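Let me begin by presenting the structure, written as structure tokens, before commenting on it.
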Amino acid sequence: AFGRTPLYRAAFGGHLRAVQTLLQLGADPRMHADDGCTPEQVASGEGVALTLQDWDLMATDVMLERMEAERQRRAREEQSQRDAKTDRLRAETEQLVKEHTRCQRELQRAYCELNKRIAEHDKCERKRMGREELTLTAVREAEEELARARAAAQQAEADLSQARLELREQTGGGAVSDRAGVHCLVRELDDVLLKDVGGRIREDGRFGKPLVINMMEVDVFASVQNQLDQVQAGLSAELMSRQLLQGERYLGLARPTDGPQYAKTEFRQARTGNFSFVLVTKLRNPPEALLTAFYPIEVTIPGPKTGDY
């Protein structure tokens, strides 16, 4: 306190042996306290004052240089350890990203397999093919496989989230998500997504009346793109870049059998200009391709009592 070093206090109290020990350990007798005095100026006792007067300041400088060199060596060593830990966490996170992607593929495959088995069972029941028991068993096995795949995907998601949290903390990023976009509570979603209060989505260039696709907990972004491209080559890219709305190119999607509501005269700029494409997902770590292609909105569901996430 008050800038009074241990040497200052020892000198003021007249503790000769303590003063000698502190000087030998590198204490600097030239340092001033907040009152502007040095240890020599407040020394009690002739022996203490003489010790401070006769002390070789070159010895202090040598020790201070050694101490500074040691401090820098330790700082370099600590930084090296931090860098090594950061590299390790990055490598672990990269492996967990791959595992997360693999589990998502397995989950998608399990969903497809279940749908296939359900379709087969329904067909057998409709046509009374006599294989209903076999197809029902296949449905149950597919359900069990889906449950295993879902559990594995949830664990991979949790592991990846934890690894990214540790990496952010290690690199000084804290625990706050650094994703672009906006974060909101579920009760604010109408204002944020549909009404675009503040114009955040409009400024991003992707806004308007939405087409919504719910991916649930599965990463089916590639499948969505493939399905769109099967309707018309390049449709997914034109849809996400809004090029489909330019020059009435969207009219090329209308078929002669679609009905009068899809006639050219029914499309108005006031409506088509407010079109947007929305993908909904439960994934806490969506793929980078999804975050890059879309404007991210992270929705928080309040807890039942505290209102926390």
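Every number here is computed from the coordinates shown, using simple stated rules; none is lab data. A quick note: this is a predicted structure, and the numbers were derived from the prediction, not measured. FYI the Cβ positions are ideal-geometry reconstructions off the backbone, even for glycines, and counts take in every protein chain you see.
On the basis of the beta-carbon distance and an R0 of 35 Å, PHE267 and ASN226 show a calculated FRET efficiency of 0.85.
Think of each Lys and Arg Cβ as +1 and each Asp and Glu Cβ as -1; about the Cα centre, that makes the dipole of the range 75-163 roughly 380 debye. Dipole check for the range 20-105: with +1 at the C-beta of Lys and Arg, -1 at the C-beta of Asp and Glu, and the Cα centre as origin, the magnitude is about 1120 Debye. Sorting the segments 117-125, 51-59 by their residues' average number of neighbouring beta-carbon atoms within 10 angstrom, most packed first, yields 117-125, 51-59.
A simple spin-label model places the labels of THR300 and GLN81 3.5 nm from each other, with each point 7 Å out along Cα-to-Cβ. Under 5 Å from the amide H of THR300 lie the amide H atoms of CYS184, LEU185, VAL186, each residue being 5 or more positions distant or on a separate chain, with H modelled from the backbone and absent for Pro and chain starts. Taking the Cα centre of the range 221-268 as origin and assigning +1 to Lys and Arg Cβ atoms and -1 to Asp and Glu Cβ atoms, the resulting dipole is close to 120 debye. The alpha carbons of the range 32-73 occupy a box of 39, 24, 11 Å along the principal axes, longest dimension given first. In this simple spin-label approximation, ARG17 and ASP61 carry label points 7 Å from Cα along the Cα→Cβ vector, and these lie 3.2 nm apart. For the range 130-147, backbone phi angles converted through the Karplus equation (6.51, -1.76, 1.60; θ = phi - 60°) give residue-by-residue couplings of x, 10, 4, 5, 5, 5, 5, 4, 5, 5, 5, 4, 5, 5, 5, 5, 5, 4 Hz, Gly and Pro being listed as x. In order along the range 162-171, phi translates into HN-Hα couplings of 5, 5, 5, 4, 4, 5, 4, 5, 5, 8 Hz, rounded to whole numbers, per the Karplus curve 6.51 cos²θ - 1.76 cosθ + 1.60 with θ = phi - 60° and x for Gly and Pro.
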